[in-house]
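A.B. asks: Below is a structure I'd like to ask you about.
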Amino acid sequence: LDAGLYSPLDPLAVLGADSLERRLFNSSSAWVMEFYASWCGHCIRFAPTWKQLARDIRDWRPAVMLGVLDCAERSNRKICTDFGVTGYPTLKFFKAFSKKPEDGLKLRRQGDDIKSLRESIITSLEKHEDMWPPSCPPLEPISAAELHDFFQTNSVTYLALIFEDENSFLGREVTLDMLQFENIAIRRVLQTNEELVKRFNVTSFPSGFLLVNNGSCSSIPVNADFRPFYRSFLQSLPNVFRGNSFRPTVPPTVEPKSTIVPWRVADRKKVYMADLESAILYTLRVEAARFRHLDKERLSVLKQYVNLLVKYFPGRPAVMNYLRNLDLWLKPMTNVSGNEWEEALGNNPELPHARLPENTLWVGCQGSKPEFRGFPCGLWTLFHLLTVQEALLSPYRSSPPEVLPAMRGYIKYFFGCRECAEHFEGMAAESMSRVKNKDGAILWLWSRHNRVNYRLQGAPSDDPKFPKIQWPPQDLCWSCQIIVNGKRMWDERAILRFFKAHFSRGNIYLDFIKPLIRRGRDVEEKDHNVVGKLEEGKEEENGRQVEEEFEEDKKRTEKPESGRVTRKLERSGLTEPHKPSIIKMSTKTKELEEDIVDLDSFSELHYKSKALKMAGQIGSRNRRSKRDVGLVRMENEGQQSFDIDAAWERLRHKSWGGQHLIGAMEEEEEELEKENGVVSKRNQWFHILGVGFSQLDISLCIVLYFLSSMCLLGMYAFFRVHMKYRKGRSGFRVA
Ligand SMILES: Cc1cc2nc3c(=O)[nH]c(=O)nc-3n(C[C@H](O)[C@H](O)[C@H](O)COP(=O)(O)OP(=O)(O)OC[C@H]3O[C@@H](n4cnc5c(N)ncnc54)[C@H](O)[C@@H]3O)c2cc1C
């Protein structure tokens, strides 16, 4: 059930885009809002504190109202931008009678404990200098003159005086705690008020005195600075009762929209295109869209990021077209307003072959609850993939990496989880400058991600169904860990090999994603968060269409589309993950280039469309394709994986051009050939045997051949015995 981090049972207002302004603006109460994102680890960790605070100061209503709003909720994104929320969690204080989002002031706080939060709220309340909120009791210290005729001007039975030093919050807290109680008033007296201190003969601070309207006075038998004691003592006085004055005019909570998210079965050996596209979508349409202006450093970081995607993201053609357009549009800009950015990000109906999905869809990053995993998981996956693609594709492998600095910039300027960003910046400042080449970048990001995993193990943001581990685990890469002197260590060479296979194009799966283009028309994307089971047959249809889309769109990308921006197809060959290469290639090319890997990819696409039908019903193990078999083999045999990926790269590269890749790929191939002599020999053997039969096909031929021989042998034996028998019987009769 998707309900954000708070529920209607918490004593705070769960607001949405439709209710935020209505409740906040012109309210006679002050509001303290937490703007959060349900995926943000620090928000998850902070939620219990905010709930505890809500319970602790529930009696401060209606002077102070507490509210929350989930900026990750699609319908709330715009309002979060309007309220200037650029990081999570953001705490804002709105004075009573606020009129516009800019009236919200950042709640200053020393720490995240509820005491310091309470104190910050009181300090903010005291800033109501011009118009004191009518629902808030006076918080300033009482003077001797005011005390003199207090009972004449106030119709209460009791007045409690709390003597304290100037920095103490006790008096004001107890005043607010007693706000909903009738027949009593509480005022603080400062230690510096010599006249009253002398009159009441106060020697220790804090101290309390109870004055009754009949003229009697007694000391409150609580000497410690202990708010609950004061509160319970005062609430238990005769004729002090909870009044009816606080009746929220609107219900204190708004039911969050609840949606059931269908469970998508994922295989952790795979990388899912759905996660990568969703991460891109979220970074551009949510994270970067939070700013009213993009300029200077922030804009140049954004340009760098988009350009990086164009260079290294192995996306679907329509997505790549979209990114190229965006990149070209951004390049000359020096200042981009929020509206311009929003306009540039929309799918342009005049460019039907340049599109980004409308909704996020998490597959490998789906969490067991909506607040777990999702975007941060997708972001890590995307950046790991980019570091690997950069190492595989860049012709200058020993030159400094581009991806890492761009990622650092993105995290610093855009990542909404601000504390995560600070931690990451700390790690980057410490050692990122020492990374000298692309392989080093892969390893740096891997090891820093593992540090984060280590730190977050068992944290409230850790999904119990997907606990944080040191990655990759042995079942993904057994050769990545070695034992040296009885100690388990990482083997960085094996890690590199594994990463280059795991984050290769060949390991990106298209499961669950919808086609972006359908026969020249826009696809009406269904909201993935909508309640319901995947419709029978629909997935198979979708799978087929996603495949067709590769074909159709590939043809189109070869002819640049006229429109707002002319596309540069500098890397047209880089955009086809899991391409059905055998179908595409001419017979001539096929003869030259056929390889076991191509068969795997080919058969996988066919199996996949069938497998998609069963998605969500059958465990991933039951629907393993030949490609999976290849991967499992890779995992078990370590080095072979590299060969599979390199062969795929070789084939794609040769069949679709991309001259700039030749150096890098040839280097890669040579290295692979050296490392994988055995595998190469086996591939040659398959070449000799025929036109690309797979191991399975050959095994089946042998079995069938054996069975038919046995059958013929059986028939021969049967007829021989039968003939002998017939001869024998006739002989006997004759005799
Ligand atoms: C830059 C950054 C900094 C963050 N800092 C914080 C923080 O300070 N506090 C906080 O609460 N949350 C932080 N997060 C979020 C947190 O790291 C997780 O992303 C989030 O808790 C979701 O966890 P997850 O279980 O989906 O796995 P994630 O850690 O998000 O990993 C996603 C996937 O990547 C793979 N993976 C795991 N480890 C590695 C690795 N070492 N190398 C390569 N692949 C790997 C796995 O397949 C995993 O499922 C940060 C996120 C990012 C992107």
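The values are calculated or read from the model by the stated rules, or taken from the named source; none is laboratory data. In this text the structure is predicted, and so the values were computed from the model without any measurement. Every residue, glycine among them, receives a Cβ derived from its backbone with ideal geometry; neighbour counts consider all protein chains shown.
A.B. asks: Taking segment 324-355, which residues are of a type in the set (Asp, Glu) and modelled with pLDDT under 90?
C.D. replies: To start, the set of residues in segment 324-355 that are of a type in the set (Asp, Glu) comprises 327, 340, 342-343, 350.
Within segment 324-355, 350 is the sole residue that qualifies.
A.B. asks: Filter segment 1-28 for residues that are of a type in the set (Gly, Ala, Ser) and either closer than 19 Å to residue 372 by Cα or crowded, with 24+ Cβ neighbours inside 10 Å (or both) and give the result. Break it down stepwise before answering.
C.D. replies: Initial filter on segment 1-28 (of a type in the set (Gly, Ala, Ser)): 3-4, 7, 13, 16-17, 19, 27-28.
Scanning segment 1-28 gives 3, 4, 7, 13.
A.B. asks: Still on this structure, please answer the following. Which condition number in (1) within 29 Å of the chain's Cα centre (by Cα); (2) more than 15 Å from the ligand (Cβ to nearest atom); (3) of a type in the set (A, V, I, L, M) is the one that residue 483 fails?
C.D. replies: Of (1) within 29 Å of the chain's Cα centre (by Cα); (2) more than 15 Å from the ligand (Cβ to nearest atom); (3) of a type in the set (A, V, I, L, M), only one is false for residue 483: (1).
A.B. asks: Then there is this: Could you give every pair whose Cβ atoms fall below 7 Å, whose first residue belongs to segment 448-468 and is farther than 16 Å from residue 44 by Cα, and whose second residue is more than 6 Å from the ligand (Cβ to nearest atom) and part of a helix (DSSP H, G or I), counting only separations of at least 6 or pairs across chains?
C.D. replies: Going by the 7 Å Cβ cut-off, the qualifying pairs are 448/427; 451/427.
A.B. asks: Among (1) away from the ligand (no atom under 14 Å from the Cβ); (2) touching an Asp or Glu at 6+ places or on another chain (Cβ under 7 Å), where does residue 354 come up short?
C.D. replies: Every condition holds for residue 354 apart from (2).
A.B. asks: Here is a follow-up. Assess whether residue 400 counts as being surrounded by fewer than 16 Cβ atoms within 10 Å (Cβ to Cβ) and over 21 Å from the mean Cα position of the chain (by Cα). Give the derivation first.
C.D. replies: Details: surrounded by fewer than 16 Cβ atoms within 10 Å (Cβ to Cβ): yes; over 21 Å from the mean Cα position of the chain (by Cα): yes.
Criteria met by residue 400.
A.B. asks: Hey, does segment 57-65 have a residue that's in the same structural domain as residue 119 (by TED's automatic domain parsing), buried (at least 22 other Cβ atoms within 10 Å of the Cβ) and closer than 27 Å to residue 287 by Cβ?
C.D. replies: No, segment 57-65 contains no residue that is in the same structural domain as residue 119 (by TED's automatic domain parsing), buried (at least 22 other Cβ atoms within 10 Å of the Cβ) and closer than 27 Å to residue 287 by Cβ.
A.B. asks: Which of the residues that make up segment 173-198 are without any contact (Cβ under 8 Å) to a residue 24 or more places away in the chain and basic (Lys, Arg)?
C.D. replies: At the first step, the residues of segment 173-198 found to be without any contact (Cβ under 8 Å) to a residue 24 or more places away in the chain are 194, 198.
Once the filter is applied, which keeps residues that are without any contact (Cβ under 8 Å) to a residue 24 or more places away in the chain and basic (Lys, Arg), segment 173-198 yields only 198.
A.B. asks: On to the next question. How many residues are more than 16 Å from the ligand (Cβ to nearest atom), outside any strand (DSSP E or B) and touching a residue at least 40 places away in the same chain (Cβ under 8 Å) if we restrict to segment 22-49?
C.D. replies: Residues of segment 22-49 that are more than 16 Å from the ligand (Cβ to nearest atom), as a first pass: 22-35.
Okay, now just the ones that are also outside any strand (DSSP E or B), so 22-29.
Still in the running and touching a residue at least 40 places away in the same chain (Cβ under 8 Å): 23-29.
The number of residues fulfilling the criteria is 7.
A.B. asks: Looking only at segment 90-102, decide whether some residue is of a type in the set (A, V, I, L, M, F, W, C), in contact (Cβ under 8 Å) with a residue 12 or more places away in the chain, within 16 Å of the ligand (Cβ to nearest atom) and not assigned by TED's automatic domain parsing to the domain that holds residue 414. Before you say what the answer is, go through the steps one by one.
C.D. replies: Step one: filter segment 90-102 for residues of a type in the set (A, V, I, L, M, F, W, C), giving 91, 93-94, 96-97.
If we keep only those that are in contact (Cβ under 8 Å) with a residue 12 or more places away in the chain as well, we get 91, 93-94, 96-97.
Those left that are additionally within 16 Å of the ligand (Cβ to nearest atom): none.
Looking for residues that are of a type in the set (A, V, I, L, M, F, W, C), in contact (Cβ under 8 Å) with a residue 12 or more places away in the chain, within 16 Å of the ligand (Cβ to nearest atom) and not assigned by TED's automatic domain parsing to the domain that holds residue 414, one finds none in segment 90-102, hence no.
A.B. asks: Name, by its number, the condition in (1) surrounded by fewer than 19 Cβ atoms within 10 Å (Cβ to Cβ); (2) closer than 24 Å to residue 269 by Cβ; (3) more than 11 Å from the ligand (Cβ to nearest atom); (4) of a type in the set (Ser, Thr, Tyr) that does not hold for residue 334.
C.D. replies: That leaves (2) as the condition not met.
A.B. asks: Now, a different point. Which condition from (1) at pLDDT below 95; (2) closer than 30 Å to residue 90 by Cα is the one that residue 304 breaks?
C.D. replies: (1)
A.B. asks: Further question: Test residue 159 against the stated conditions and say whether it is farther than 17 Å from residue 209 by Cα, aliphatic (A, V, I, L, M), in the same structural domain as residue 210 (by TED's automatic domain parsing) and touching a Phe, Trp or Tyr at 6+ places or on another chain (Cβ under 7 Å). Can you show your working first?
C.D. replies: On the way: farther than 17 Å from residue 209 by Cα: no; aliphatic (A, V, I, L, M): yes; in the same structural domain as residue 210 (by TED's automatic domain parsing): yes; touching a Phe, Trp or Tyr at 6+ places or on another chain (Cβ under 7 Å): yes.
Against the criterion (farther than 17 Å from residue 209 by Cα, aliphatic (A, V, I, L, M), in the same structural domain as residue 210 (by TED's automatic domain parsing) and touching a Phe, Trp or Tyr at 6+ places or on another chain (Cβ under 7 Å)), residue 159 does not qualify.
A.B. asks: Then there is this: Any idea how many residues of segment 167-211 are charged (D, E, K, R) and either under 23 Å from residue 136 (Cβ atoms) or assigned by TED's automatic domain parsing to the domain that holds residue 63 (or both)? Steps first, please.
C.D. replies: Taking segment 167-211 first, the residues charged (D, E, K, R) are 172-173, 177, 182, 187-188, 194-195, 198-199.
Next, only the ones that are either under 23 Å from residue 136 (Cβ atoms) or assigned by TED's automatic domain parsing to the domain that holds residue 63 (or both) stay: 172-173, 177, 182, 187-188.
The number of residues fulfilling the criteria is 6.
A.B. asks: Which of the residues that make up segment 156-172 are touching a residue at least 40 places away in the same chain (Cβ under 8 Å), outside any strand (DSSP E or B) and under 23 Å from residue 243 (Cα atoms)?
C.D. replies: To start, the set of residues in segment 156-172 that are touching a residue at least 40 places away in the same chain (Cβ under 8 Å) comprises 156-165, 168-170, 172.
Of the ones still in play, those that are also outside any strand (DSSP E or B) are 156-157, 165, 168-170, 172.
Matches in segment 156-172: 156, 157, 170, 172.
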